[in-house]
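Student: First, the structure itself, so that you have it in front of you.
The values are calculated or read from the model by the stated rules, or taken from the named source; none is laboratory data. These numbers were taken from a predicted model, which means no experiment stands behind them. Please note: Cβ atoms are built from the backbone with ideal geometry, for glycine as well, and neighbour counts cover all protein chains shown.
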């Protein structure tokens, strides 16, 4: 059976925009369904599993990325009421006074809030129903403050503080027990490869920092208090399930519906903790076998990786060649 491939990217861009860039660079015609980005599964939350859990018409906070790129991606997914931390800051700069040096930056994309923050009665003002980290945040301090405010709020009303926080008679000592917005992260990578010769902190670094502030505020694990959140992206099972479903849809579109089961998927990645760990740990509901290929052109620079791949290749081209030979593609 011929192998099927997909590209997995960590970007703050919509799939159509990203695939256009890839098509131009590779000189290969591609469709938006040919790639899965770390935040792609967020699109499924627009309609939700049912009407009661749909976020389409709820107010959501989107953090990360340059300017309001991620807001526009969320809107293209179908979210109709999207706010950024920059919007909140420009509406009330006292929310984090140390971001005043970035005011000119936020002015370029901030929008009026859908509902003002009411200082006299915050329960009548802006309410956030979900928080999404679409991409690596640029202003960690502002984003941390705004998100912490929401996690400690009453029912997501900006400017409130839940009376349940710290109550030992409630689960989780009362934290996140008062209808606060759920927190979603799109990517767990602590490190990623950039132009600098050493790996740089990624979204996982921001998450660790936020969890550190959460623990310092609430008592954290030492008191049995957790930060309730959903983390997607590699190496998590849900993201690989989403990717495999995309693979199967594309496979049927290209080769027709009457096909034998998909047998092998080749995962090429440069990060043992996410790419290789995810491929090695993934358990397909469709019976496919996932083979991991680690390349030396990114985060991994040598030595024994924490998660051993099926093979190590010098670069992506050699990784693909190995996959073609392993799948006996050239023999068919």
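Student: Output the strands (runs of 3 or more DSSP E) that fall wholly within region 31-92 and possess 3 or more residues being farther than 15 Å from residue 186 by Cα and modelled with pLDDT of 90 or more, or say none.
Tutor: Ranges flagged: 81-83.
Student: Same structure again: For residue 161, are the conditions met, namely being outside any helix (DSSP H, G or I), free of Cβ contacts under 8 Å to residues at least 12 places away in the same chain and closer than 20 Å to residue 210 by Cβ?
Tutor: Yes.
Student: In the set 206, 242, 286, which member is at pLDDT 95 or above and within 25 Å of residue 41 (Cβ to Cβ)?
Tutor: Within the list 206, 242, 286, the selection yields 206.
Student: Counting just the residues of region 14-30 that are part of a loop (DSSP other than H, G, I, E, B) and surrounded by 14 or more Cβ atoms within 10 Å (Cβ to Cβ), which one comes out nearest to the chain's Cα centre (by Cα)?
Tutor: Only one residue fits best here, namely 14.
Student: Quick one: is residue 325 under 30 Å from residue 210 (Cβ atoms), modelled with pLDDT of 90 or more, surrounded by fewer than 20 Cβ atoms within 10 Å (Cβ to Cβ) and out of contact with any strand residue (DSSP E or B) (no Cβ under 9 Å at 6 or more places or on another chain)?
Tutor: no
Student: Does residue 215 satisfy being closer than 30 Å to residue 66 by Cβ and not assigned by TED's automatic domain parsing to the domain that holds residue 310?
Tutor: Here the answer is yes, as residue 215 does meet what is asked.
Student: Still on this model: Given the criteria touching a strand residue (DSSP E or B) at 6+ places or on another chain (Cβ under 9 Å) and at pLDDT below 90, does residue 301 qualify?
Tutor: Answer is no for this residue.
Student: Could you give me the residue pairs with C-beta distances under 7 Å whose first residue belongs to region 126-152 and is free of Cβ contacts under 8 Å to residues at least 40 places away in the same chain and outside the structural domain of residue 83 (by TED's automatic domain parsing), whose second residue is part of a strand (DSSP E or B) and surrounded by fewer than 20 Cβ atoms within 10 Å (Cβ to Cβ) wherever it lies, and which are 6+ apart or on separate chains?
Tutor: Close Cβ pairs satisfying both conditions: none exist.
Student: Within region 118-144, work out how many residues are crowded, with 19+ Cβ neighbours inside 10 Å and within 24 Å of the chain's Cα centre (by Cα).
Tutor: Final tally of qualifying residues: 14.
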